[in-house]
Every structure is written in C-alpha cells, then in structure tokens.
1. I'd like the FRET efficiency for Asp79 and Arg197, computed as 1/(1 + (r/R0)^6) with the beta carbon distance as r and R0 of 51 Å, rounded to 0.05.
2. Give me the number: length gained by fully extending Gln544 to Gln532, i.e. 0.36 nm times residue separation minus the C-alpha to C-alpha distance, one decimal in nm.
3. Using the beta-carbon distance between Trp615 and Arg124 and R0 = 35 Å, what value does 1/(1 + (r/R0)^6) give for FRET efficiency, to the nearest 0.05?
4. Roughly speaking, what is the stretch gain from Glu467 to His206, that is 0.36 nm per residue apart minus the C-alpha to C-alpha distance, in nm to one decimal?
5. Lys219 to Asp379: extension gain in nm, 0.36 nm per residue of separation minus the Cα-Cα distance?
6. Kindly report the accessible area of the stretch 489-617 per residue (heavy atoms of protein chains, probe 1.4 Å, no ligands, DNA or RNA), in Å².
7. Can you send over the solvent-accessible area of Ser16, 1.4 Å probe, protein chains only, in Å² to the nearest 10?
8. What is the calculated FRET efficiency for Leu557 to His258, with r their C-beta to C-beta distance and R₀ = 60 Å, to the nearest 0.05?
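The values are calculated or read from the model by the stated rules, or taken from the named source; none is laboratory data. Note that this is a predicted model, so its numbers are computed, not measured. When we count neighbours, we look across all protein chains shown, and the Cβ atoms used for this are built from the backbone with ideal geometry, even at glycine. Each accessible area value is taken on the protein alone, full model and side chains, heavy atoms only, with ligands, DNA and RNA left out. Shrake-Rupley method; radii C 1.70, N 1.55, O 1.52, S 1.80 Å.
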Amino acid sequence: MQLLKFFHLKEHPFESSPDPKILFPGENFKQTLKNIWKNICSANGFVLLTGQEGTGKTLLLKAIQNKISLNHYTCFISDSQLTPRDLLETLLEHFGVYPDIKDNVPMGIMLRKLHVFLMDRAIRNERVIIFIDNLHDMPDDTLKELKSFTDLEADNEKVLQIVLAGRPQCQGLLGKTELKSLTDRIKGDYRLNALSRNEVVQYIAHRVKVSSINPRDRKVKFTPKALLAVYKISQGIPGTINAICRRTMAAALDNNSHTINLDIFKQAIEGQSKKKHAQGFNGLTRVYIKAAAVFLIILFTGIFIFLKSRPGPDPDLFTRNTPALPTQHLTEQGNQNAGDMPGQTQTHDQTHDQRHDNEVSAQKVSDQEDIKIRQIKIDQPPPEALHVSSGAEFIRVLIDQGMAQIWKGTDQGLLLFHTVDYDWHYGPGLFLTGNDPDTGPYVFDHQAHLLDEPSITLSAFFSHLEEYIVRNAAPVLATSATQVFQPDYGDVRNRMNHSFYQFIHTWESMEIDDLFEIYADEVIQHYMHLSQPVIFDHHQAYLQKQELFSRTDFIALEVAKPVFLIHPYKPEQIMAVYHQKYRSDTLEDKGTKVLFFTKNPTASNYQWLVNEEFWVRDM
C-alpha cells in the first residue's frame, strides 16, 4: 500500500479494528474496567455502563467476558432488539438448556427451565453472567423481563448477574416509573468518557509509534495546531479520532508531506486535497456521520496490562485468558489418533477408574421433565487429542474431578494408562509439564505472560506422574468432565498435519520465504530460564531466522512422536509437542519442541500458522 510505504509503517495506525498492541485507553477507561470487574467479582447486582458510540463499551465488555473462569457461564447479547420471548429463547439455546424450542412453548415453561438451570449452577457453586450491549435499543417489555431472571437467590448471593451497556439515553430509559424495580437492582452505574486533550495527543502518538517500522524515526508527524483541531472536532471520541486521522494522512500523502499541519488538516476535512478525493469530508457533519459507523474492536489480550492493578478479585473467579464456555451439546464420539487409526480405548488401571462415576448425571425438573445436562465419559479418549503418535503420551487433567490421566498412543488407538488424584491449580487450557535439570519439576503456561506472570512455575505435578512418562516433558490438556466441545475435528486434523510437516520441511530446506508463510504476524518465543517470553513481529522474526540460516550450511531435523492437542475452549489454537534432534554444521541438540499454532484468518496456503515456540533440552 502506497500510504504505508510513504510513512514507513507496518500497518495503518488508525484502522477501526487494529492489532491489540495499538490499544491506548485513557484513565477513565482503565478505572471503569476495574470497577466493573470488582462488581462482577462481588456479585453485586446489576451493572450499567453508558457512553457515546465509539468510546469502547463493547471492547470493555468483551474483554471482561473472556476473562470469566471455567466455573462460570457467560452470554453476550449484542442484538438487544428482542422481545421477552426472543430473549428467553436466546439464553436457553445459548446455555444448551432447551436447544429445540417450539413456537408454542409457553413463556412460563421456558422461564422455569431457566430457573432450574440456575439452581443447578448454584448447587455446583457456579454463576451465570449475561452481557447485554446496545441497551438503548431494547423494548420496555424486555427490560421488565430482566428483573424476573434474577429472582433466584442462593445463600444470599445472586446466581445470575447482568451487565448492561448502551448510549447515555439509557439513563432516561431506565428512569421510567414502570422500570423502577429494574433500576433498583443496578448497584454499579459507570460512564465511559471521551479522552481528554492530553490523552488525544498521547493516543495519536502511541498508535503512530507502535505502527512505525522504526519507532525512533517516525514519519507521521502532527503539528500542535493540527492535534488541537483533531481534539476539537473529535471531542475525544476514539472512533472519530481514527476517522479524522485516516483522512488527514491521505491528504498528507497527496501533498507529499510527512507532516500534518493545519492546512492539510483543513484540506482533509473540507475534501480539498490535491486530488480532490470524491470520498473527502464535506465539513464537520460528514466527520460525525463517518464516526458514527466506527467502533473500536480490539482482541482480548491487549487490555490485560491494565488489569494488574485490579483491586483484589477472587482468584478463583478469573483465570488466564479463558473464554466463555461453548454451548453446543456434547455427542459421544471416539477419537482417531496414533496414525489416524480408529480410536479404540483400553483401560490399564481399572481399580482407580471404578472409584469415579463415568458420567455426569442429568438433572431433573420438579415436574418430571428432564433437562439434559452435558455428559462425558471420563474413560473415553478426548476429541481434543487430534493426533497422538504410537509411543507418545499426554496428560489430561479433569479439573472438576480432581483427577489426572495419562493417555498413551498405540497402533490400535489411545490407551488410558494411569490415573492419579490431583488438585490442579492452573486453570483450563494447554500446558507442558516436565523436569528440568536446573530448575526442577515445572508447569509451563504459555499464556501466563498476558497477566505479567512467569511462564514457568515450579510444581510437583510432574513428580506424581514421572515414573509413567517416557521423556522429561509431556503435554497437558486441562479441561472439565462437564465441558462441551465440537466433536468432529477430522478436517482440522488434516489441515494441521499439512501445516506441521510443511513447517518441518521448510526448516530443513532453509527456504526462509516459504518458512515464513507458516509463521503468524506475531511470533512469541519462550525460554526455560526467562520468566517472560521474547515477542517478535513478523519482520523481526524473519530477520532473526535469516541470520541463523546465514551461519550454517545445512539443517537436519529428526522429528519423533508428535502430539497435536486442540484447546478445549479456544478451537482456533493447537499445541504440537514432539521430540526433535537438531543437527547443523555448527550445532547439535535434542529435546522436546513445543509449537503453538493459531488459525489463519486469511486461510491462504496454510490454515494453521505458528505463533509460539518453546524448547526443552533433554536431561
């Protein structure tokens, strides 16, 4: 793109949906985030968030939703123009309580089923949190219905909590006499404000810096008068700032200028740049119309840096980067592993297995109707194990059962080899556990750095299983016996195989351009003796590998016993763990290699791209 080349940019700094690292929230954003977080932790009634369009309300709610822990259920409703019946149907279908609702089912029955679902959650010490965006569009009748959802109490604590968000006119909407009972339930009322003048300057500078190829030599420059004009017209609304800055940068390019002064600013606003763009703004009204369509859509991990100062929430409520539970029903299905042969389960430790129920029993409604609770047989191979080579192994932790299982790949399928009781403290997801000669037994959590915590934690977990593990490290799939997932991963397995073996092949061929078709835009490298990973953008990672290839004449890799595990709650993430012997004319090494693949949004040549790496040397 000509504009990126002219301003020496890696990406446009003012796109409406930029990379999370470009995020710059103001003080009000951070404080509002902490306040809502605190309300959710304390289960303190309804929460209301208001703010003008473009201030980041949806971003804030999505970020909180995706930090809710495994033991809690969430639902995000963005289409608020729902009738009371539509809202009930949406919730019941989302939580898998009543997936096939008929048009003639009375509202009372649906409401009773929702309450039974909530009662079951209370028994299990779980909570349900609903996020409703665009509250200003919700009909009055539907608003009234919300109160009835929260009438269930358990030990003086609400099982269901609702977080509402909308434009400022929501205050007037909720002020109606007929909605007083709902308004009385709102215990937290917060306003997301626009950025101040100084914050607008910092916002623009931060985005330009992060997007520049060389942050120390930025080619996009705004004069003080131009910055003041941006602030005055945008009124500090991030969406409007982005729209204005995109126009002014285009006008600066037309004028062959890296500096955006007041004259160029006026050209952009009035549509009088040199090429007289047909899409130029025609006065301030056009700016506001354009800004009305702009939303700040950011991925979840970008705001984690603002959560470090949160006021002490319950550590069991929020865990590392854990999205909301999926909602479709589980269907029992065997797994294909070990050379893609039909899954055939064998049990090695039957005595222990008999001490545990194999199924989660269905909960019954008082009127003898059954609500089908999701079921899973804990002695069946987990579908998340996409591929386990014969002779390889992985550990499945069932958090809610206090149990760890060792599964081994065989020529006939997966074998449940051994089971031990263990209280897992690291939350759900994909991990590596092992024993390092220098640091001792550990658990590796590749996402810990998002909360500014060390990736390697000393843990006795591996010691409980070490005698059954062939090597000094093993992958861990941490999930729940009541967890719901997509049961059919056949196509994912095939595409993952393609990306993985092409990655190995291009390493050996040292064809760096081909290799970097399989690397993601951001590459995170973890090291055993570093508490935090080293993060490279695509260009930096390319230069690093290029320098490595320049120092050697050949690379030979021996890859053995790969295991592919898909994240139980984030199906766009796969972990590949395998033993590797690395040999070149300058180095020989062997150990366990860990790759994390992320789904390619463009899905060109490769559907899965490498975005994280970790190496554990053999003892």
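1. 0.90
2. Gain in length upon complete extension: 2.5 nm.
3. Computed FRET efficiency for Trp615 and Arg124 comes out at 0.30.
4. Net length gain for the segment: 88.8 nm.
5. Computed gain between Lys219 and Asp379 is 51.6 nm.
6. Here the residues of the stretch 489-617 average 45 Å² of exposed surface.
7. Ignoring ligands and nucleic acids, Ser16 comes out at about 40 Å².
8. Once rounded, the FRET efficiency stands at 0.85.
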